[in-house]
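Okay, so here's the structure we're looking at.
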Amino acid sequence: MSFAAAERADLCDTFLQVGPDAPTLNDGWDAYDLAAHLWVRENRTTARLLIMVDPRRTEELLIRAAKQENSFLRLISLLRQGPAGVSPFRIPGAERLANTAELFIHHEDLRRAGPDPLPPRGLNEAATKALTSALRRMARLMFRKAPFGVDLVIPGGETISVKRNRKVGIHGEP
């Protein structure tokens, strides 16, 4: 099982443990909103094209529609099954490329929120490798507007040079 697939299963388990009203680190979103976002992202890909026009409003409307159409438990069940129909997320390799970081980050958004946040998880070698690979793919986009060079330094691992002019180093686990 890929890291992304395992993370999907673990995230769905966490959703069921905390319930729909649990807070997240995503400003203004509860667990139900986060689950709807993840489901919409994979299953309403044509509607998401409107996000380019008005990102915040479109995301709100799509999340609201997903919640009106599906109970929290149904959304988690659908999310656990993965993308349906003709979703581009069903293309072989898309889960690894598009969801490794997305699912991990949002799982941490759910785990670390609220009055009793859970500590960061320890990462095994396979998880570190998967997240480092995802970070390497995303880094240029994430720091494209940075007015300085950036090195991402993974403890005991590699350094990912994002930009090569004057630099700042960011040290930490992926």
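Miscellaneous remarks
- Pair list, Cβ < 6 Å and 6+ apart or interchain, from region 9-32 residues that are within 9 Å of A113 (Cβ to Cβ) to residues that are modelled with pLDDT under 95: P23/G114
- Condition met for A126 (modelled with pLDDT of 90 or more, loosely packed, with under 15 Cβ neighbours inside 10 Å, of a type outside the set (K, R) and within 25 Å of E42 (Cβ to Cβ)): yes
- Flag if E173 is part of a loop (DSSP other than H, G, I, E, B) and surrounded by 11 or more Cβ atoms within 10 Å (Cβ to Cβ): yes
- Looking only at region 90-115, and only at residues there that are over 21 Å from D30 (Cα atoms) and surrounded by 17 or more Cβ atoms within 10 Å (Cβ to Cβ), the one that is farthest from the chain's Cα centre (by Cα): E95
- Count - residues of region 99-137 that are under 21 Å from M1 (Cα atoms), among the aliphatic types (A, V, I, L, M) and without any contact (Cβ under 8 Å) to a residue 40 or more places away in the chain: 3
The values are calculated or read from the model by the stated rules, or taken from the named source; none is laboratory data. These numbers come from a predicted model, not from an experiment. Every residue, glycine as well, gets a Cβ built from its backbone with ideal geometry; the counts of neighbours run over all protein chains shown.
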